[in-house]
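Asks: Provided herewith is a single structure, encoded as structure tokens, for subsequent inquiry.
The values are calculated or read from the model by the stated rules, or taken from the named source; none is laboratory data. Remember, it's a predicted structure, so these values are computed and weren't measured experimentally. Reconstructed Cβ throughout: ideal geometry from the backbone, glycine too, with neighbour counts over all protein chains shown. Areas reflect the complete protein model, heavy atoms only, side chains present, ligands, DNA and RNA absent. Shrake-Rupley method; radii C 1.70, N 1.55, O 1.52, S 1.80 Å.
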Amino acid sequence: MSGAELGDEDAADVRRVLDGDVAAFGGIVRRWHVRLLDLAWRFCRDRSMAEDMAQEAFVRAFRALESFRGDAAFSTWLTAVALNSYRNALRNRPPPLIDLEGIRLGSPEAGPLMKLIAGERAEAVRHMVATLPDLYRDPIVLYYFKEMNLAEAAEILHVPEGTLKARLHRGKEFLKRRLAAAGILHGGTHGQ
Amino acid sequence: MDDLDRILISDELLGVRANFVAAVMQAVESAAAEPPPLPFPWRAFGAGVLACLGWSASGVWLLDILAASTADVIATLAAVGAPLEYAAAAVFGTLAILALQRTRRDLQVW
């Protein structure tokens, strides 16, 4: 299904919901729930919490549907609503815990289980992203969530592309320092 | 693209709970059934602001009048102060003489 067709379906559902047909919102939920769940998961690394966050994001989007004017793509608008909702949900919660046992570089028992360890190390890196300050976490999560589409991520975050680029660069440097300090990745990640 | 890029782009949540969409729609329908939020009472707020402004203006006006009338009273008293003092002294003096005369009469009676 093409983006245009999706956009048409979304626009039609939005019109029906605004005309009072609440059930039409089901179409929007069916089309976008995987994306919103995936985004929530990247922020909190907790399945149950991700479901709660995504549900709340849909409710917020339903309440704010009148504010969708069609200037941006529906997916961009919905992601921006979800992002605000996720930020609020995470504001007063402790960052996810990272289990570093057995995944530090140079663990003597890592040899035979290298593949498993690599997977766990990757998961620890993703956890570490979720613990970054908002200023770096949001651009990194959104940029990779949007498959490295800088323009779309910048539009969702309401910042110029140059600003997003700078935050991404600083955020990644910050992340690399933290990962190196935790013994998860070497100081420089290039060529590993 | 470095290792970090590869790790971060490959992140995804596997599987979605079967009744997740139904749960979301239930929450949405509950939200739709809720009464709309009370609108901000702009009329009452405006009336309150106008009343406050009215009170403030009338307070300033009354203070001006009071200050002017108080100044007038003080100036008038200051102007007639000296004659009043003489008159008061005369009154007290007369009363004192009368009191002395009465005392002398009483003593003579005894």
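Asks: Tally the residues that are part of a loop (DSSP other than H, G, I, E, B) and either at the interface with chain A (Cβ under 7 Å from one of its Cβ atoms) or farther than 28 Å from residue A:143 by Cβ (or both), restricting the search to the stretch B:1-32. Spell out how you get there, then give the answer.
Replies: Quick first cut of the stretch B:1-32, residues part of a loop (DSSP other than H, G, I, E, B) only: B:1-2, B:10-19.
With the extra rule that they be either at the interface with chain A (Cβ under 7 Å from one of its Cβ atoms) or farther than 28 Å from residue A:143 by Cβ (or both), the set shrinks to B:2, B:11-13, B:16-19.
Summing the residues that are part of a loop (DSSP other than H, G, I, E, B) and either at the interface with chain A (Cβ under 7 Å from one of its Cβ atoms) or farther than 28 Å from residue A:143 by Cβ (or both) in the stretch B:1-32 gives 8.
Asks: Search the stretch A:158-171 for residues that are free of Cβ contacts under 8 Å to residues at least 60 places away in the same chain and pair each with any residue that is outside any helix (DSSP H, G or I) when their beta-carbon atoms are under 9 Å apart and the residues are at least 6 apart or on different chains.
Replies: Short answer, once both residue conditions are applied: A:167/A:159; A:171/A:132; A:171/A:133.
Asks: Tally the residues that are farther than 18 Å from residue A:17 by Cα, facing chain B (nearest Cβ under 8 Å) and more than 13 Å from the chain's Cα centre (by Cα), restricting the search to the stretch A:44-62. I'd like the intermediate steps shown before the answer.
Replies: So the first thing to find is which residues in the stretch A:44-62 are farther than 18 Å from residue A:17 by Cα, and the list is A:44-54.
After this cut, where a residue has to be facing chain B (nearest Cβ under 8 Å) as well, the list is A:47, A:50-51, A:54.
From the residues that got through so far, the ones that are more than 13 Å from the chain's Cα centre (by Cα) too are A:47, A:51.
Qualifying residue count, the stretch A:44-62: 2.
Asks: With the requirement that a residue be of a type in the set (Ser, Thr, Tyr) and at the interface with chain B (Cβ under 10 Å from one of its Cβ atoms), what does the stretch A:131-151 give you? Spell out the reasoning first.
Replies: Initial filter on the stretch A:131-151 (of a type in the set (Ser, Thr, Tyr)): A:131, A:136, A:143-144.
Hits for the stretch A:131-151 are A:143, A:144.
Asks: Tally up the residues in the stretch A:146-188 that are open to solvent by 20 Å² or more (accessible area, probe 1.4 Å), assigned to a helix (DSSP H, G or I) and among the aliphatic types (A, V, I, L, M), please.
Replies: Going through the stretch A:146-188 one residue at a time, the tally reaches 6.
Asks: List pairs: first residue in the stretch A:60-72 and open to solvent by 50 Å² or more (accessible area, probe 1.4 Å), second residue among the small types (Gly, Ala, Ser) anywhere in the structure, Cβ distance under 7 angstrom, at least six positions apart or on different chains.
Replies: A:60/A:85; A:63/B:31
Asks: Could I ask something else about it? Within the stretch B:64-81, is even one residue among the hydrophobic types (A, V, I, L, M, F, W, C) and over 52 Å from the mean Cα position of the chain (by Cα)? Steps first, please.
Replies: Looking only at the stretch B:64-81, we keep the residues that are among the hydrophobic types (A, V, I, L, M, F, W, C), and these are B:65-68, B:71, B:73-75, B:77-80.
So of that shortlist, the ones also over 52 Å from the mean Cα position of the chain (by Cα) come out as none.
The answer is no, given that none of the residues of the stretch B:64-81 is among the hydrophobic types (A, V, I, L, M, F, W, C) and over 52 Å from the mean Cα position of the chain (by Cα).
Asks: For the subset of the stretch A:111-130 comprising residues that are open to solvent by 30 Å² or more (accessible area, probe 1.4 Å) and either under 15 Å from residue A:169 (Cβ atoms) or more than 12 Å from chain B (Cβ to nearest Cβ) (or both), which member is modelled with the lowest pLDDT?
Replies: A:112
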